[in-house]
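A short worksheet on the structure shown next.
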Amino acid sequence: MSFIKNSSFLNTFWQRISNLILEHRLKWLCLIGVVTIFMGWMASRLELSYELAKILPQNDPNFKLYEDFKARYGEDGNVMVIAIETDKIYDLPVFNGWYDLSKKIKGLDGIKNVASNANLFEIMRNDSLKKFDFKPIVATRPTQQWQVDSIHAKVLNYPFYKGFVFSNDEKAHLMAVTFDQSKMNSKGRIAITKEIQKEAEAFGEAHKIKVHFSGMPFIRTNFMSKVRDELIMFTVLAFSITSLILYLFFRSKLVVIFAVLVVLISVIWSVGFIYLFGFKITILTGMIPPLIIVIGIPNSIFLINKYQEEYLRTKNQMLSLGTSIEKIGKTTFLANLTTFIGFFVFYFTGSPFLVEFGLVASLGVLATWIISLILIPIIFSYAATPKDKQIRHLENKNTTRILEYINFIVHNRRTRLYWFTIAVVAASVYGIMQIKAVGFVVDDLPEDDPIYEDLKMIEKNFHGVIPFEVSIDTKYPNGVFDPAILTKIKVLQNEFAKHPEFTKPISVVEGLKFIYQGYRGGDSKYYQLPGALELQKLAEYTGSIKGKENMFAAFIDSTKQYTRVSFQSGDVGTVRMNRLYDTLQAKTDTIFNFDREANQWKPKEAQIDAKLTGNGVVFTKGNNYLLGNLKESTLLAIVLISIVMATQFLNYRTILISTIPSIIPLIITGGVMGYFGIPLKPSTTLIFSIAFGIASDGTIYFLTKYKEELSKGLSIGEAVTQTIKLTGISMFYTAIILFFGFGIFVASGFKGTVFLGLLISMTLLVGMISNLVVLPSFIMTLDKRQTDKKLKNG
């Protein structure tokens, strides 16, 4: 097989790098020490992100619409929900406990409002002053049961509250806690949420009632608290697992300490990068420290193995260290470059969420390689020379036996290997066809997690807590109170009511219905949208509405040109939500902009902008965007890594055989996902480009060593045998480290992280087998055919 030989320039380059490192050891130690202290200081200032993950790019129409919506009305996902199931809410002790709870929560710093059946109000018509009086239904804490019974009757008299603070069957009751905007995306939200939870649980214990919690502030706060805890847990686990495996391989405490020290410095740099770029810790960037530990250790393994291998041959410490830098430096550079690409392709997605992760992780990978290449030789240059028992692992009988069997298969059982591989790939392709692409807001949580269970309880009784909004621009001032517009909003609400996934709406129409009921003496039959003439009569009392402007301020702007209709939806999944979005957006357009009398669409300049937005819509659109872009990222990673291969092996056959062994594990992983019902979603789609980048490392390790053995004048078969024997040990060690290193993520409380750990572990293990068995088999087969062709033509 023809390879382009290393140029004298590259040999000289790596010799100079080796000399530069070993001749200036103290300078390098001081430089890395100073930078590490600086990066550690940066890392100490890092904060968690409490904002909704910014998945959509800033130029996406849905992102722009949502940002404009929040600028006008504030955050839509700012309501925490406390729910209970009981038929004793109107027993005096329980009601007073519920009343006291609402008062305590309302008094917390950072809480804007609390709504429950213990602090509602009713509207009374005041004809003498031509105004409405907004009177609390619960004026004071009741002392007698008959007072609670009276309150109960009044609450039931107002349909506005039905389905909002109590379920239709009155078996469930809800307290809606609205957070102040200034506290929503700050660290203070955690303390507020915990205090609310503490007070609510105290109420539950006092009255033997199970209390449920949900709402976007609660879900996001608990998510980020888990991320913070898991960041620490996985970092400790990664260090522990890799240290244990390193010791089992090398049987040297010093080797373990030195390798772990190098990786620890790399982790500090990587975390420092997060702060330097102005980012915060998210569910993805929180995975970077353990990832760097797992990915960085192989650099140390290859350098240490080569150093010990050379020392066994030469018994010269400095010469052996110099050779390890020269030989392993280039190989590990190419390997880390493919891993860098596997992460950096996320930068091109345009999604801020993935851009941050891809940029920091990729730079962390390169920084880890540089730190390892410099520090490992320098540290070992000051350490004692390897003892016989420390080098004995290079001749481990079990590992040698495995590698000899692999060599036997490559030389004698290639046909059977190919048929087996074809059968596995074919079965995997069928499995891939069974994969479903679907995401849920809380699908990363196991079904027995309290957050998941509480969400389902609230969905059962109140339909859901995921914000789903309709943003309406009437195009002219005071347009919101135009009877024609109000009628269209009413029709829109009726359309949404056909879908059980949504709660009843909160809107200016519902507010007017509530006010009209008060205007007509409180009779519940008048809970309806008044006609044009009645609206004119209500206008005489608008002073009271202005006085209580906070009732409408969250739903109309100051010019009364813009309004919103707010729904909550269940966590029904992106597939169902996409269908609902398409159906309801089309219906919304028709309601507001189709002239039924003329049977045609209104002119564009006369059309009303009525668009669906909110947390639920942005999550769904973000999920769609990520799935599309992550598929492209995986293909981009394959193309870019193939180009890297091409720069080293200018031969199309070599590029082909170097790519296929790294693609096979991805196909098998896809098949496993299909057979085991693991859905395709952002967290699982990440697997493919990351795993391909890391799996390609093994390909590079093997091919560069094979190329080196060929240059010694060995035959193809001999070169393959030597490569399996010499590189196979390091590849085997690396695969074990990566397998168990990524395997730590199965301890996560997030299903997406569990899947990511399991699938990447499996992919990399299969990748190691593919690179040690399939790759050399391809080399033998293709070169044998080329040799036979030459003999025939000759």
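The values are calculated or read from the model by the stated rules, or taken from the named source; none is laboratory data. Note that this is a predicted model, so its numbers are computed, not measured. Heads up, the Cβs are rebuilt from the backbone with ideal geometry, glycines too, and the neighbour counts pull from every protein chain shown. For accessibility, only protein heavy atoms count, side chains too; no ligands or nucleic acids. Shrake-Rupley method; radii C 1.70, N 1.55, O 1.52, S 1.80 Å.
Could you order the peptides 152-158, 286-292 from most to least packed, using the average number of other C-beta atoms within 10 Å per residue?
Values: 152-158: 16.0, 286-292: 25.1.
Highest to lowest by the protection proxy: 286-292, 152-158.
Going toward the positive end of the dipole of the stretch 397-498, with +1 on Lys and Arg Cβ and -1 on Asp and Glu Cβ, which of V425, I489, T415 do you reach last?
It is T415, whose Cα lies furthest towards the positive end.
When the Karplus curve 6.51 cos²θ - 1.76 cosθ + 1.60 is applied with θ = phi - 60°, which whole-Hz ³J(HN,Hα) does each residue of the stretch 773-778 get, with x for Gly and Pro?
With coefficients 6.51, -1.76 and 1.60, one gets 10, 6, 4, x, 5, 4 Hz.
What share of all Cα pairs of the stretch 279-340, in percent, falls into each consecutive 5 Å distance bin?
Per 5 Å bin, starting at zero, the Cα-Cα P(r) for the stretch 279-340 comes out as 4, 17, 20, 17, 14, 11, 8, 5, 3, 2 percent.
What ranking of K504, K604 comes out by heavy-atom accessible area, probe 1.4 Å, highest first?
If we order K504, K604 from most to least accessible, we get K604, K504.
Just the number, please: carbon plus sulfur as a percent of the accessible area of the stretch 623-770, 1.4 Å probe, no ligands or DNA/RNA counted.
Exposed carbon and sulfur together represent 73 percent of the surface.
Between [x] 48, 32, 27; [y] 64, 28, 22; [z] 77, 35, 28, which matches semi-axes √(5λ) of the Cα gyration tensor in Å calculated for the structure shown?
Among [x] 48, 32, 27; [y] 64, 28, 22; [z] 77, 35, 28, the one derived from this structure is [y].
Give me the one-decimal nm value for the distance between modelled label points at K387 and S558, 7 Å along each residue's Cα-to-Cβ direction.
Using points 7 Å along Cα→Cβ, the separation is 8.0 nm.
I'd like to check one number: the per residue accessible area of the stretch 152-256, probe 1.4 Å, reported in Å² as a whole number.
Numbers: 4610 Å² over 105 residues.
With the other protein chains kept in place, the stretch 152-256 gives 44 Å² per residue.
Using the alpha carbons of the stretch 308-397, what is the convex hull volume per residue in cubic angstrom, as a whole number?
Per-residue hull volume (Cα only) is 115 Å³.
Going by amide H atoms built from the backbone, whose H comes under 5 Å of the H on D557, apart from near neighbours?
Y562
Assuming R0 = 45 Å, can you tell me the calculated FRET efficiency for the pair T647 and T400, based on Cβ-Cβ distance, to the nearest 0.05?
Values: r = 34 Å, r/R0 = 0.75.
Between T647 and T400 the formula returns 0.85.
List, in order, the whole-Hz ³J(HN,Hα) value for each residue of the stretch 478-483 obtained from phi through the Karplus relation with A = 6.51, B = -1.76, C = 1.60 and θ = phi - 60°; use x for Gly and Pro.
6, x, 4, 8, 5, x
For the full complex of protein chains and a 1.4 angstrom probe, list T143, T699 by accessible area with the highest value first. Don't jump to the answer; show the numbers that get you there.
Working: T143 95, T699 0 Å².
Sorted by accessible area, descending: T143, T699.
Give me the extension gain from N59 to E205: residue separation times 0.36 nm, minus the current Cα-Cα distance, reported in nm with one decimal.
47.6 nm
Gain in length, R251 to I370, computed as 0.36 nm per residue apart minus the alpha-carbon separation, to one decimal in nm? Display every interim value, and only then the final one.
Working: separation 119, 0.36 × 119 = 42.84 nm, distance 2.57 nm.
Contour length minus Cα-Cα distance gives 40.3 nm.
Could you give the accessible area per residue of the stretch 595-715, probe 1.4 Å, as a whole number in Å²?
Averaged over the residues of the stretch 595-715, the accessible area is 39 Å².
Report the one residue of V227, F239, N305 whose Cα lies farthest in the direction of the positive end of the charge dipole of the chain (charges on C-beta: Lys and Arg +1, Asp and Glu -1; origin at the Cα centre).
N305
Quick one: angle between helix 450-462 and the longest Cα principal axis of the chain, in degrees between 0 and 90, rounded to 10, please.
That helix lies at roughly 30 degrees to the long axis.
Over the alpha-carbon set of the stretch 571-667, divide Rg by the Kirkwood Rh and report the Rg/Rh ratio to two decimals. Each step should come with its number before you reach the end.
Working: Rg = 23.5 Å, Rh = 17.8 Å.
The Rg/Rh ratio comes out at 1.32.
Quick one: Karplus J couplings for the stretch 25-37, per residue in order, coefficients 6.51, -1.76, 1.60, θ = phi - 60°, nearest Hz, x for Gly and Pro?
Ordered by residue, 3J(HN,Hα) equals 4, 5, 4, 5, 4, 5, 4, 5, x, 5, 5, 5, 4 Hz.
Kindly report, to the nearest 10 Å², the accessible surface of T487 as traced by a 1.4 Å probe over protein heavy atoms only.
Rounded to the nearest 10, that gives 70 Å².
Taking the convex hull of the Cα atoms, report for the stretch 643-734 its projected area averaged over all directions, in nm². Could the numbers behind the result be given before it?
Values: hull surface 29.0 nm².
Result: 7.3 nm².
Which net charge results for the neighbourhood of I378, defined as the other residues with beta-carbon distances under 12 angstrom from its beta-carbon, given Lys and Arg at +1 and Asp and Glu at -1?
Summing Lys and Arg as +1 and Asp and Glu as -1 gives +1.
Counting only protein heavy atoms, what percent of the accessible surface of the stretch 254-355 is carbon or sulfur at a 1.4 Å probe? Intermediate values should be presented prior to the final figure.
Working: 2080 of 2920 Å².
Result for the stretch 254-355: 71 percent of the exposed heavy-atom area is carbon or sulfur.
What is the calculated FRET efficiency for H411 to A747, with r their C-beta to C-beta distance and R₀ = 60 Å, to the nearest 0.05?
It comes to 0.90.
Among Q434, I325, G614, which residue has its Cα positioned farthest towards the positive end of the charge dipole of the chain, with +1 placed on the Cβ of Lys and Arg, -1 on the Cβ of Asp and Glu, and the dipole taken about the Cα centre?
I325
By the scheme Lys and Arg +1, Asp and Glu -1, what is the net charge of all other residues having a beta-carbon under 9 Å from that of K456?
-4
Once fully extended, how much extra length lies between F134 and T314, figured as 0.36 nm per residue of separation less the alpha-carbon to alpha-carbon distance?
Stretched fully, the F134-T314 segment lengthens by 55.5 nm.
Using a 1.4 angstrom probe on the protein heavy atoms only, line up R189, R520 by accessible area, largest first.
Sorted descending by solvent-accessible area, the residues read R520, R189.
May I ask which of K131/K475; K490/K621; K306/K725; K112/K162; K475/K513 have a Cα-Cα span longer than 19 Å here?
Too far apart for the 19 Å limit: K131/K475; K490/K621; K112/K162; K475/K513.
Could you please state how large a percent of the accessible area of the stretch 26-165 is carbon and sulfur, counting protein chains only and using a 1.4 Å probe?
Numbers: 3980 of 7130 Å².
That share works out to 56 percent.
How much accessible area per residue does the stretch 739-783 have, counting only protein heavy atoms and a probe of 1.4 Å, in square angstrom?
Working: 1090 Å² over 45 residues.
Value for the stretch 739-783: 24 Å² per residue.
Enumerate the amide H contacts of G573 below 5 Å, restricted to partners 5 or more residues apart or on another chain; note that Pro and chain-start residues carry no placed amide H.
For G573, whose amide H was placed from the backbone, the distant partners under 5 Å are V441.
Along Cα→Cβ, 7 Å out, is where each label goes; now give me the distance between the ones at L29 and K602 in nm to one decimal.
Computed distance between label sites L29 and K602 equals 7.8 nm.
Under the rule of at least 5 residues apart or a separate chain, name every residue whose amide H is placed under 5 Å from the amide H of L48.
Hits under the 5 Å cutoff: I281.
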